Amino acid sequence: MNALQALLLGIIQGLTEFLPVSSSGHLEIGHALLNIKEENNLLFVLDVHVATVLSTIVVFRKDIGTLCRDLFKFEKNESTIYVAKLLFSSIPIVIVGLLFKEEIESFFTGNLFFVGCMLLLTACLLTLTTFVKGSGKEITFPKAFLIGIAQTCAVLPGISRSGATIATGLLLKAKKEDIARFSFLMVLIPILGAAVIDIYHGEFNSAQVDSIPLIVGFFGAFISGLLACSLMIKIVKRGKLIYFAIYCALIGLIAIFAA
């Protein structure tokens, strides 16, 4: 992988992590288009994911600061309940990630037909949100768990994590601004947790990626992630997800016919 390829993949990761079009699916398509055959690219994947996590922290720094400050008061308050909901939503993906890690990795083999089908599924889910009438309900613990299940389904390449979680929240009639915030904050726990576990177990010792592509990919993902995260918050408030549904359908069909 050279620096230009790393930059393109980093930008793809940053944009598609927050826009409801599936970052994993686009990375699989990107690898195919750029003819990247490297098998040991786990370090690069971790690199760009950490970059998008950092962009999330920057965008929501005030919210995260408030949550942390209230959390360390060691008393029951609005922030501790919110953090508890975030943790509760992470239970499904933690279980699946720990028990079925090898099975999940088997889907990331450049199978464009599978990616295309999952993108079509994402398109259908986003389309359903256009039929939702009314919102404004609180994200309760049961709803947080259901949103967590949606996030777990998004481990499959082609199913958008942000699309699945935001669409599920909208279908549950949660407040638009609340579900966008919850969706972006809930991803911090599994990604950081997975990164720590993989580093602890030495999963990246055999990864062969030069430092320059890592640095270029990181900044590409971080900067594009900042723009996409801020943009997506505005889009969710306006409820205009149908355009992303059309995009996912088109890219999904192209991937299927190109397979």
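Screening Thr168 against (1) of a type in the set (Val, Ile, Thr); (2) within 22 Å of Thr66 (Cα to Cα); (3) crowded, with 20+ Cβ neighbours inside 10 Å; (4) modelled with pLDDT of 90 or more leaves a single unmet condition, (2).
When segment 57-81 is filtered for residues that are farther than 21 Å from Phe18 by Cα and within 20 Å of the chain's Cα centre (by Cα), nothing remains. Taking Gly10 as meeting all but one of (1) in a helix (DSSP H, G or I); (2) over 15 Å from the mean Cα position of the chain (by Cα); (3) closer than 22 Å to Leu112 by Cβ, write down the number of the exception. Tallying (1) in a helix (DSSP H, G or I); (2) over 15 Å from the mean Cα position of the chain (by Cα); (3) closer than 22 Å to Leu112 by Cβ, Gly10 fails exactly one: (2). May I ask you to list pairs of residues, at least six apart or on different chains, whose Cβ atoms are under 7 Å apart, with the first in segment 89-113 being over 16 Å from Ile191 (Cα atoms) and the second being part of a loop (DSSP other than H, G, I, E, B)? Going by the 7 Å Cβ cut-off, the qualifying pairs are Phe107/Leu156; Phe107/Pro157; Phe108/Pro157; Leu112/Ala259; Phe113/Ala259.
Out of everything in segment 59-79 that is among the hydrophobic types (A, V, I, L, M, F, W, C) and outside any helix (DSSP H, G or I), what residue ends up being farthest from Ile223 (Cα to Cα)? The extreme case among them is Phe74.
Tell me which residues, restricted to segment 80-129, are polar (S, T, N, Q), within 30 Å of Cys68 (Cα to Cα) and part of a helix (DSSP H, G or I). Steps first, please.
As a first pass, look at segment 80-129 and keep what is polar (S, T, N, Q): 80, 89-90, 106, 109, 111, 122, 127, 129.
Checking which are within 30 Å of Cys68 (Cα to Cα) leaves us with 80, 89-90.
If the condition is that a residue be polar (S, T, N, Q), within 30 Å of Cys68 (Cα to Cα) and part of a helix (DSSP H, G or I), then Thr80, Ser89 are the ones that fit.
The values are calculated or read from the model by the stated rules, or taken from the named source; none is laboratory data. Keep in mind it's a predicted model, so treat the numbers as computed, not measured. Heads up, the Cβs are rebuilt from the backbone with ideal geometry, glycines too, and the neighbour counts pull from every protein chain shown.
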